[in-house]
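Visitor: Quick one: this structure, given as structure tokens, is what I'll be asking you about.
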Amino acid sequence: MRKLWWIINGVWLLLFSGLAIFIYFREVDAAGVVQTSELRWLSLALLGVVFIFVAIIQLIILFFLKKPKS
């Protein structure tokens, strides 16, 4: 079960890394707004908040996986 947990975390890491690279290098977003440095950093900060939320959930899951069975 823990091997699956590591695989899922690897997928999350690749997903967030890919999204961060995409956000950093895009010049126009989906609404047609030209991306300035401030908007890029704001988008990356929002992605970071989502990353922290997912990381907390993953750590809670790891806590329950490590719990000794009675």
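Visitor: Given the conditions (1) open to solvent by 70 Å² or more (accessible area, probe 1.4 Å); (2) at pLDDT 90 or above, and given that Ala30 satisfies all but one, which numbered condition is not satisfied?
Guide: Result: Ala30 passes all but (2).
Visitor: Also, I was wondering about something else. So in the range 33-51, with the set limited to residues that are part of a helix (DSSP H, G or I) and hydroxyl-bearing (Ser, Thr, Tyr), which one is least open to solvent (accessible area, probe 1.4 Å)?
Guide: Restricting to residues being part of a helix (DSSP H, G or I) and hydroxyl-bearing (Ser, Thr, Tyr), the top hit is Ser43.
Visitor: Here's something else I'd like to know. For the range 1-32, what are the residues that are part of a loop (DSSP other than H, G, I, E, B) and in contact with a strand residue (DSSP E or B) (Cβ under 8 Å, 6 or more places away or on another chain)?
Guide: Glu27
Visitor: Starting from the range 55-66, keep only residues that are open to solvent by 70 Å² or more (accessible area, probe 1.4 Å), then list their pairs with residues that are assigned to a helix (DSSP H, G or I) whose Cβ atoms are within a distance under 8 Å, requiring at least 6 positions of separation or different chains.
Guide: Here the result reads Ile61/Trp5, each pair linking the range 55-66 to a residue that is assigned to a helix (DSSP H, G or I).
The values are calculated or read from the model by the stated rules, or taken from the named source; none is laboratory data. Predicted model, so just to flag it, every value in this text is computed and none were measured. Please note: Cβ atoms are built from the backbone with ideal geometry, for glycine as well, and neighbour counts cover all protein chains shown. These area figures cover heavy atoms from the full protein model, side chains too; ligands, DNA and RNA do not enter into them. Shrake-Rupley method; radii C 1.70, N 1.55, O 1.52, S 1.80 Å.
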